[in-house]
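Right, one structure below, let's go through it.
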Amino acid sequence: MSKVSYYTPEGLKKLREELRQLKDIERVKASKAIAEARDKGDLSENAEYDAAKEAQGMLEMRISKLEDQLAGARIIDESQLDMSKVLVLSIVKIKNQTNGMEMTYTLVADGEADLAAGKISVNSPIGQGLLGKSVGEVAEIKVPSGIMKFDIIEISR
């Protein structure tokens, strides 16, 4: 049973494209690698064959995982989102109370998270701590080093 995950249209397109790439191109490459290794002789002592079979197994696991993600994927209707609270797709400007540093993050689904691009998962500790908060509130987030406190400065889409 797949769990429901929410994606932007771009994120869902990226997920579908990755699955298509794996099925249409990488699967064919894996089959060819196995066939080439098989042609080299005795399979019981053929490390290349074993490696090709293992790579194929990993590929099939990735394909299965992506298919499961897509089965539970839903597109977020941004027009229905409450702008007064932090939700999925919210762009949140926060200020660390300890060091005064300001950061801006976009909360996205797990599959779209990219810290370098300022996109954090709603399931990450910071994402979880920010969800449901409004401007002016303080988010207390438990991290491995203790509790971090962030002021919610601005919420946008």
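The values are calculated or read from the model by the stated rules, or taken from the named source; none is laboratory data. Since the model is a prediction, treat every value here as computed from it, not as a measurement. FYI the Cβ positions are ideal-geometry reconstructions off the backbone, even for glycines, and counts take in every protein chain you see. For accessibility, only protein heavy atoms count, side chains too; no ligands or nucleic acids. Shrake-Rupley method; radii C 1.70, N 1.55, O 1.52, S 1.80 Å.
Restricted to the range 1-47, and to residues that are of a type in the set (Val, Ile, Thr) and in a helix (DSSP H, G or I), which residue is least open to solvent (accessible area, probe 1.4 Å)?
Start the filter on the range 1-47 by keeping residues that are of a type in the set (Val, Ile, Thr), which leaves 4, 8, 25, 28, 34.
Right, trim to in a helix (DSSP H, G or I) and you get 25, 28, 34.
Numbers: Ile25: 62, Val28: 72, Ile34: 8 Å².
For the range 1-47, the residue satisfying everything is Ile34.
Summed over the range 59-90, the residues that are out of contact with any strand residue (DSSP E or B) (no Cβ under 9 Å at 6 or more places or on another chain), surrounded by fewer than 12 Cβ atoms within 10 Å (Cβ to Cβ) and modelled with pLDDT under 85 give a count of 4.
Any residue at all in the range 48-58 that is in a helix (DSSP H, G or I), among the polar types (S, T, N, Q) and open to solvent by less than 60 Å² (accessible area, probe 1.4 Å)? Scanning the range 48-58, I find at least one residue that is in a helix (DSSP H, G or I), among the polar types (S, T, N, Q) and open to solvent by less than 60 Å² (accessible area, probe 1.4 Å), so the answer is yes. Considering only residues in the range 127-157 that are touching a strand residue (DSSP E or B) at 6+ places or on another chain (Cβ under 8 Å), under 29 Å from Leu15 (Cα atoms) and open to solvent by less than 40 Å² (accessible area, probe 1.4 Å), the one that is modelled with the lowest pLDDT turns out to be Ser156.
Contact map, the range 39-68: first residue closer than 30 Å to Lys13 by Cβ and touching a residue at least 60 places away in the same chain (Cβ under 8 Å), second residue open to solvent by less than 70 Å² (accessible area, probe 1.4 Å) and not aromatic (Phe, Trp, Tyr), Cβ cut-off under 8 Å, separation 6 or more or different chains; pairs are Asp68/Ser2.
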